[in-house]
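**Q** My questions will all concern the structure given below.
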Amino acid sequence: MDYKKRLIDLQLDMGSKAFSAINIIGPKGCGKTRTATERSKSVVSFHNPANGKQYIAMAKDDPVLLLKGVRPILFDEWQDAPEIWDAIRWECDNGASFGDFYLTGSTGKMVKTKHTGTGRISTLRMLTMSCFEYGESNGSVSLSSLFNDPSYEVRGQTPVSSSLEDFMYSACRGGWPRSLEVKDKRGKLLIAKDYFNEICYHDVSAYDGVVRNESWARAILQSYARNIATPAKDSVLYLDVNSNYPMSSKTFENYVEVLKKLFILDEIDAWTPNIRSKKAIRSGKKKIFLDPSIATSALDISPEYFLQDYDLFGHVFENLVLRDLLVYAGALNGHLRHYRDEQNLEADAVLELQNGKYALIEIKTGSSRIEEAEENLLKLASLIKKYNASNPSVAYREPEFLAVIVGNLPIAYTSKNGVKIIPFGALGI
């Protein structure tokens, strides 16, 4: 199958100009090995049934031998031979060129190395495919242009699809590259379910060798799925799980931490500018899945289920968009936050770049809620202006743009108030 270009390739292109080695981390099945293979001239695969054992033996006896291949070299499943990490680190200080080595491996293993690799081995996180990478968005509305080109207009761009049923399917299928090879539409949905089962049955225990309860892992993921894309408190989630599966809070926290290390669960930090008192701004972290299909698999629901539970779809759709915004944030060297205060003034996402520019974003499934979302963003932007007017010596930077990302919008436009109204199926980098 032909390689489908990924947005992380932009980061890898840049990283290979500054580091001799790059370690690609991320969820199992997100495409790490394929992406690294595309830019490598030789591959050392420690789980290759033909010569993997030989490579592992060489790594234990004299790992430097494995660095003599044609560069760039990919070391796949490097955790099976952790000695190679220290060998690469040493080589980075002794003659390696930029972009000589790539490392990929299972997220299901915790490995201790003698050295961290800081300053020598750069680590990049890769996520599952965004809708833009998958081909379900045409990228006709460019986030980078919105940040960098004052003359760029959001006007008239049309999406690949504005069907909510299409996005219901996308959320349940997920962004797994493996699904591109499956022809049957229903068959594609089985991939996420298979990953979910493997996480609970195997990965939570394989990560560090501690045997964990499969049912408990399922219950925790189900609780997170019921609270997807919300700032639910950890204590609330714990009580929800504990009502059916009694466990200590410490055990619950341990399971959650492992699921985060496996890149299944994630949290989006709160954006806490000085525009209101710290007491007024709610600093709770928004709970998300790094791919929404694991949430729908945990709840054991199909795309059709959302037709009878539209409220749940609203949260799952928000997670789908947030997943894509996380991918775009990586490509833009930025990061993602959210905002909410005691007056329920909020922004579902705050996309910030390293140069200080940022955008306030609301996410809505349907066009019927655009006006509400726009009003909310304008109030937040106005609050920042009012703060600056009364605090000229410590003025806070105003947002580069305001945007509402909408599921069933047939065409992009800019409102009379300057807010960018963007169809999700048109959003891209």
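**Q** In the list 97, 142, 137, which residue meets the criterion of being open to solvent by 40 Å² or more (accessible area, probe 1.4 Å) and closer than 27 Å to residue 3 by Cβ?
**A** Step by step, each of 97, 142, 137 is checked, and only 97 is open to solvent by 40 Å² or more (accessible area, probe 1.4 Å) and closer than 27 Å to residue 3 by Cβ.
**Q** Starting from the stretch 302-320, keep only residues that are of a type in the set (Val, Ile, Thr), then list their pairs with residues that are open to solvent by 40 Å² or more (accessible area, probe 1.4 Å) whose Cβ atoms are within a distance under 6 Å, requiring at least 6 positions of separation or different chains.
**A** Matching pairs, first to second residue: none at all.
**Q** While we're here: With the structure loaded, tell me whether residue 197 is within 22 Å of residue 222 (Cβ to Cβ), loosely packed, with under 15 Cβ neighbours inside 10 Å and not charged (D, E, K, R) or whether it fails that test.
**A** Numbers: within 22 Å of residue 222 (Cβ to Cβ): yes; loosely packed, with under 15 Cβ neighbours inside 10 Å: yes; not charged (D, E, K, R): yes.
So residue 197 passes the test.
**Q** Name the one entry in 270, 331 that is more than 19 Å from residue 175 (Cα to Cα) and in contact (Cβ under 8 Å) with a residue 24 or more places away in the chain.
**A** Within the list 270, 331, the selection yields 270.
**Q** Considering the stretch 137-151 alone, what residues qualify as being in contact with a Pro (Cβ under 8 Å, 6 or more places away or on another chain) and either under 15 Å from residue 413 (Cα atoms) or without any contact (Cβ under 8 Å) to a residue 24 or more places away in the chain (or both)?
**A** The answer is 140, 141.
**Q** Quick check on this structure: which one of 153, 165 is closer than 25 Å to residue 299 by Cα and surrounded by fewer than 20 Cβ atoms within 10 Å (Cβ to Cβ)?
**A** Of the residues listed, the single one that is closer than 25 Å to residue 299 by Cα and surrounded by fewer than 20 Cβ atoms within 10 Å (Cβ to Cβ) is 165.
**Q** Among the listed residues 90, 78, 85, identify the single one that is aromatic (Phe, Trp, Tyr) and open to solvent by 50 Å² or more (accessible area, probe 1.4 Å).
**A** Answer to the selection: 90.
**Q** Would you pick out the residues in the stretch 1-44 that are more than 22 Å from residue 192 (Cα to Cα), under 21 Å from the mean Cα position of the chain (by Cα) and open to solvent by 30 Å² or more (accessible area, probe 1.4 Å)?
**A** 10, 11, 13, 14
Yes/no per residue for (1) open to solvent by 40 Å² or more (accessible area, probe 1.4 Å); (2) hydrophobic (A, V, I, L, M, F, W, C); (3) out of contact with any Leu (no Cβ under 6 Å at 6 or more places or on another chain); (4) under 14 Å from residue 225 (Cβ atoms):
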position: 265; (1), (2), (3), (4): no, yes, no, yes
position: 269; (1), (2), (3), (4): yes, no, yes, no
position: 272; (1), (2), (3), (4): yes, no, yes, no
position: 288; (1), (2), (3), (4): no, yes, no, yes
position: 296; (1), (2), (3), (4): no, no, yes, yes
position: 310; (1), (2), (3), (4): yes, no, yes, no
position: 321; (1), (2), (3), (4): no, yes, yes, no
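**Q** Based on what the data block shows, is residue 237 open to solvent by less than 10 Å² (accessible area, probe 1.4 Å), under 17 Å from residue 226 (Cα atoms) and of a type in the set (A, V, I, L, M)?
**A** Working: open to solvent by less than 10 Å² (accessible area, probe 1.4 Å): yes; under 17 Å from residue 226 (Cα atoms): yes; of a type in the set (A, V, I, L, M): yes.
It is true that residue 237 is open to solvent by less than 10 Å² (accessible area, probe 1.4 Å), under 17 Å from residue 226 (Cα atoms) and of a type in the set (A, V, I, L, M).
**Q** Would you say residue 228 is farther than 18 Å from residue 318 by Cβ and buried (at least 16 other Cβ atoms within 10 Å of the Cβ)?
**A** Details: farther than 18 Å from residue 318 by Cβ: no; buried (at least 16 other Cβ atoms within 10 Å of the Cβ): yes.
Against the criterion (farther than 18 Å from residue 318 by Cβ and buried (at least 16 other Cβ atoms within 10 Å of the Cβ)), residue 228 does not qualify.
**Q** Further question: Take the conditions more than 14 Å from the chain's Cα centre (by Cα), of a type in the set (A, V, I, L, M) and open to solvent by less than 10 Å² (accessible area, probe 1.4 Å) and apply them to residue 325. Does it pass? So that I can check it myself, show each step before the final result.
**A** Working: more than 14 Å from the chain's Cα centre (by Cα): no; of a type in the set (A, V, I, L, M): yes; open to solvent by less than 10 Å² (accessible area, probe 1.4 Å): yes.
When the stated conditions are applied, residue 325 does not pass them.
**Q** Can you pull out the helices (runs of 4 or more DSSP H) entirely within the stretch 126-245 that have at least 3 residues that are of a type in the set (Lys, Arg)?
**A** Working: elements: 131-134, 143-148, 164-173, 185-198, 214-226, 234-242.
It comes to 185-198.
**Q** Within the stretch 366-414, how many residues turn out to be open to solvent by less than 20 Å² (accessible area, probe 1.4 Å), touching a residue at least 60 places away in the same chain (Cβ under 8 Å) and under 20 Å from residue 229 (Cα atoms)?
**A** Adding up the residues that qualify gives 4.
**Q** So is residue 272 among the β-branched types (Val, Ile, Thr) and modelled with pLDDT of 95 or more or not? Break it down into steps so the answer makes sense when it comes.
**A** Working: among the β-branched types (Val, Ile, Thr): yes; modelled with pLDDT of 95 or more: no.
Answer is no for this residue.
**Q** With the condition kept exactly as written, say whether any residue in the stretch 403-415 is part of a helix (DSSP H, G or I) and more than 25 Å from residue 151 (Cα to Cα).
**A** The answer is no, given that none of the residues of the stretch 403-415 is part of a helix (DSSP H, G or I) and more than 25 Å from residue 151 (Cα to Cα).
The values are calculated or read from the model by the stated rules, or taken from the named source; none is laboratory data. Predicted, not measured: the structure shown is a model, and the values here were computed from it. Positions of Cβ are generated from backbone atoms using ideal geometry, with glycine treated the same way; all protein chains shown enter the neighbour counts. To get the accessible areas, we keep the full protein, side chains included, count just its heavy atoms, and leave off ligands, DNA and RNA. Shrake-Rupley method; radii C 1.70, N 1.55, O 1.52, S 1.80 Å.
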